[in-house]
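The values are calculated or read from the model by the stated rules, or taken from the named source; none is laboratory data. Small disclaimer: the values here were computed from a predicted structure and weren't measured. So basically every Cβ, Gly included, is an ideal-geometry build from the backbone, and we count neighbours across all protein chains shown. For the accessible areas, the whole protein counts, side chains as well, though only heavy atoms, and no ligand, DNA or RNA atoms are used. Shrake-Rupley method; radii C 1.70, N 1.55, O 1.52, S 1.80 Å.
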Amino acid sequence: MQEKEQQFKELFHSEYGRMYKAAYILLGDEDEAKDVVQDVFARLWICTIPIKEIGKKTFLLTCVRNRCLNIIAQRQYHQEALKSLASTNTDSEEYDEEIIQAVTRYVDEKLTPQTGRIIKMHFDEEQSYKEISGALQISLSAVNKHIVQGLRKLRSTFKSREV
C-alpha cells in the first residue's frame with residue numbers, strides 16, 4: 001500500500017468517530033452524519049493540498065462543522081420556501097406535486113443516466129454515499145461528484161424558474 005493511502009487510512013480510523021459524533025450532534029441524524037464524514041474524507045482524498053500534522057484534527061472537525069452548517073442552512077431554506085409557497089398558493093399540495101414532477105422529469109431527461117440514477121438512489125431511496133458506491137461499484141468520490149454536479153444543475157435550472 002502506498003504511503004499516502006496508509007496515512008489516509010490511519011487518519012480515517014483515528015478521526016472518524018470524533019467527526020461522526022460532531023456531525024450527529026449538529027444534525028441529529030445518523031445517516032446524514034455518516035454522509036457528512038464520508039463527504040469530508042472524499043474531498044480530502046481528492047485534495048492535493050497537504051494538511052499540517054499539527055492541525056489535522058482541528059481542520060477535519062472544522063470541515064465537518066461547515067458541511068453540517070451548510071446542510072442546516074439548506075434545510076431552513078427549504079422550509080422557508082415551502083412556507084412561502086404554501087402561503088402564496090391556496091392549492092399547495094397540487095403545486096408541490098407539480099414541482100416534484102418537474103424535478104423528476106429534469107433528472108430523467110436532462111441529467112446523464114449515471115448522475116440521474118445516483119441522485120434517485122440518494123434522495124428517493126435514501127441510500128448513503130457508501131451504499132451507492134457499493135451498489136454501483138464506483139468510488140465515494142465519484143458518487144459525491146455525481147451528486148454535486150446533479151444538484152448544481154438542478155439548482156441553476158429551478159432557482160429562478162416558476163414551475
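Of the helices (runs of 4 or more DSSP H) that lie entirely inside the stretch 104-162, those containing 2 or more residues that are over 26 Å from Glu30 (Cβ atoms) span 113-119, 140-158.
The residue pairs whose first member lies in the stretch 6-17 and is closer than 20 Å to Asp35 by Cβ, whose second member is modelled with pLDDT of 85 or more and open to solvent by less than 70 Å² (accessible area, probe 1.4 Å), and whose beta carbons are closer than 7 Å, counting only pairs six or more residues apart or on different chains, are Phe12/Phe41; Glu15/Leu60; Tyr16/Val37.
Here is the figure for the stretch 13-43: residues that are over 21 Å from Ile72 (Cβ atoms) and surrounded by fewer than 18 Cβ atoms within 10 Å (Cβ to Cβ) total 4. Restricting attention to the stretch 104-120 and to residues that are closer than 19 Å to Glu32 by Cβ and in contact with a Leu (Cβ under 8 Å, 6 or more places away or on another chain), the residue that is surrounded by the fewest Cβ atoms within 10 Å (Cβ to Cβ) turns out to be Ile119.
Count of the stretch 67-97 residues, restricted to those that are surrounded by fewer than 13 Cβ atoms within 10 Å (Cβ to Cβ) and either among the basic types (Lys, Arg) or at pLDDT below 80 (or both), is 15. For the stretch 152-163, filtering for residues that are surrounded by 15 or more Cβ atoms within 10 Å (Cβ to Cβ) and modelled with pLDDT under 85 leaves 1. For Glu126, the criteria (1) touching a residue at least 12 places away in the same chain (Cβ under 8 Å); (2) at negative phi; (3) among the charged types (D, E, K, R) hold in every case but one, which is (2).
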